[in-house]
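The values are calculated or read from the model by the stated rules, or taken from the named source; none is laboratory data. Please read all numbers here as calculations on a predicted model, not as lab measurements. So basically every Cβ, Gly included, is an ideal-geometry build from the backbone, and we count neighbours across all protein chains shown. Protein only, heavy atoms only, side chains kept; ligands, DNA and RNA dropped before computing areas. Shrake-Rupley method; radii C 1.70, N 1.55, O 1.52, S 1.80 Å.
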Amino acid sequence: MSGFSNIAKRFADGNLIVQILIGIIVGAIFGFWGNASGSEFADKILNGISVLGNLFVGALKAVAPILVFVLVATSIITKEFGEAKGMSKIVTLYLIGTFLAAVVAVAASFMFPVELVLKGVETATMSAPQNVIDVLKDLIFKMVQNPVQALSAGNYIGIITWAVGGGIAMRGCSSETKKVFMDVSDGVTRIVRFVIRLAPFGIFGLVAISIHETGFAALAGYMKLIAVLVGAMLFVAFVVNPIIVFVVTKKNPYPLIMTCVRESAVTAFFTRSSAANIPVNMALCKKLGLREELYSISIPLGATINMAGAAVTISVLALAAVNSIDHITVSFADALLLSFISAIGACGASGVAGGSLLLVPLACALFGINNDIAMQVVAVGFIIGVIQDSVETAVNSSSDVVFTAIASETMK
């Protein structure tokens, strides 16, 4: 028994990125072996392995709705936005940057459409709305669904609506009640972290069965998805953010941009956590000579609401799901609405690695894509998360310093 405990402890303490990479490689080996063998025995082995992937997707589908509700509500109830002069400008920059990132992601998805191999897309096709009027009508009715039904059905529009409404209504509650919400949020986050720690096994099963059933088609979709995601995030970091800096300061933006990339983004890329990168960003702000009363609030706040990279992830994966289903068309108005929803959803992304992926069903719901299909896309996100989550965190965290710096600059 002690031997098993030691193995479990070593797994829990291991590097998740390395473990996921191993899961991808071993899953690919089994998938190609099944294709090459073509025997009934290989099919039985692969079908057994696929159970791991199905369990992982099922666990995500079960925990994601309650996580979104608790995190968004708790953030609104407990978040203190501060009274420091200039904070309103920084928050505005955070929101503008996140929205523009979503717009970039939608544009990239239109120019380079990605299709994924998903199961059960016929259901999503039949229920998909065909124009923006249908989308808005469906959106409004989902917003007012009974909160218990919204949680059980995975109606993320309703979940977000009730979380925001309940959070605003309870902002004036006692400190003891706020502490209860924070404890519940911490507990749910621990559950999610446990599920994510099991990702290597789930990804092993998903990759093995995907390659066994589709061959190189699944891998080609993953590679193109990574290219679109990373390309959009780099465009945000090196084009959109510099434009914002120039518009606000009327100065060459690239010295600041490159400093933040070198001293913040690189560290965030490897830690894959905006929260863990807060001390690095604080030290960088001090080095840049920014106002301490400003960055002491804006940097921790940015780690939770400035989520340009997350907005890109949510938008690209949602449109990949749309592109994978026949007869769903996305108009300009639909795309604009998706950008807005992605930006709002990104601000509620959880602090755990891969947290933005659990907001993908929120965007998928705009197009009538059910929770089963959306969670398959989330699982694909975990497969490519080795790269996606690292780049996303780098963009998110370095942008915190960029926007704090230009807000501080305009106040001199």
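Numbers for the structure displayed
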{"quantity": "All positions within the range 157-188 that are among the polar types (S, T, N, Q) and under 21 Å from Leu338 (Cα atoms)", "calculated": "Thr161"}
{"quantity": "All positions within the range 229-245 that are crowded, with 22+ Cβ neighbours inside 10 Å and within 29 Å of Ala379 (Cα to Cα)", "calculated": "Leu229, Ala232, Met233, Val236, Ala237"}
{"quantity": "Filter pass, Arg291 being buried (at least 17 other Cβ atoms within 10 Å of the Cβ), within 22 Å of Ile314 (Cα to Cα) and out of contact with any Pro (no Cβ under 8 Å at 6 or more places or on another chain)", "calculated": "no"}
{"quantity": "Selected residue [out of contact with any Lys or Arg (no Cβ under 8 Å at 6 or more places or on another chain) and open to solvent by less than 10 Å² (accessible area, probe 1.4 Å)] from Ile341, Ile299, Ile278", "calculated": "Ile299"}
{"quantity": "Search result, residues across the range 200-221 that are at pLDDT 80 or above and surrounded by fewer than 24 Cβ atoms within 10 Å (Cβ to Cβ)", "calculated": "Phe201"}
{"quantity": "Matching residues, the range 364-406, being at pLDDT below 85, over 25 Å from Gln19 (Cα atoms) and assigned to a helix (DSSP H, G or I)", "calculated": "Cys364, Ala365, Leu366, Phe367, Asn371, Asp372, Ile373"}
{"quantity": "Any hit, the range 168-177, residues being under 22 Å from the mean Cα position of the chain (by Cα) and surrounded by 16 or more Cβ atoms within 10 Å (Cβ to Cβ)", "calculated": "no"}
{"quantity": "Residue within the range 107-121 that is at pLDDT below 85, under 19 Å from Ile344 (Cα atoms) and touching a helix residue (DSSP H, G or I) at 6+ places or on another chain (Cβ under 8 Å) present", "calculated": "no"}
{"quantity": "Hits in the range 123-157 - residues which are in a helix (DSSP H, G or I) and at pLDDT below 60", "calculated": "Thr123, Ala124, Thr125, Met126, Ser127, Val132, Val135"}
{"quantity": "The range 11-34 - residue that is of a type outside the set (A, V, I, L, M) and at pLDDT 75 or above and, of those, most open to solvent (accessible area, probe 1.4 Å)", "calculated": "Trp33"}
{"quantity": "Close pairs (6 angstrom Cβ cut-off, 6 or more residues apart or separate chains): more than 17 Å from Leu118 (Cα to Cα) and small (Gly, Ala, Ser) in the range 314-343, open to solvent by 20 Å² or more (accessible area, probe 1.4 Å) and assigned to a helix (DSSP H, G or I) anywhere", "calculated": "Ser331/Val132; Ala333/Val132; Ser339/Val103; Ala343/Phe99"}
{"quantity": "Subset tally (residues that are within 14 Å of Val68 (Cα to Cα) and either hydrophobic (A, V, I, L, M, F, W, C) or out of contact with any helix residue (DSSP H, G or I) (no Cβ under 7 Å at 6 or more places or on another chain) (or both)) for the range 154-181", "calculated": "8"}
{"quantity": "Residue in the range 44-87 that is modelled with the lowest pLDDT, counting only those that are within 14 Å of Gly302 (Cβ to Cβ) and assigned to a helix (DSSP H, G or I)", "calculated": "Ser75"}
{"quantity": "Residues located in the range 299-347, provided they are among the hydroxyl-bearing types (Ser, Thr, Tyr), outside any helix (DSSP H, G or I) and modelled with pLDDT of 75 or more", "calculated": "Ser324"}
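Conditions tested, residue by residue: (1) aliphatic (A, V, I, L, M); (2) over 24 Å from the mean Cα position of the chain (by Cα); (3) in a helix (DSSP H, G or I).
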| residue | (1), (2), (3) |
| --- | --- |
| Asp186 | no, no, yes |
| Phe194 | no, no, yes |
| His212 | no, yes, yes |
| Met223 | yes, no, yes |
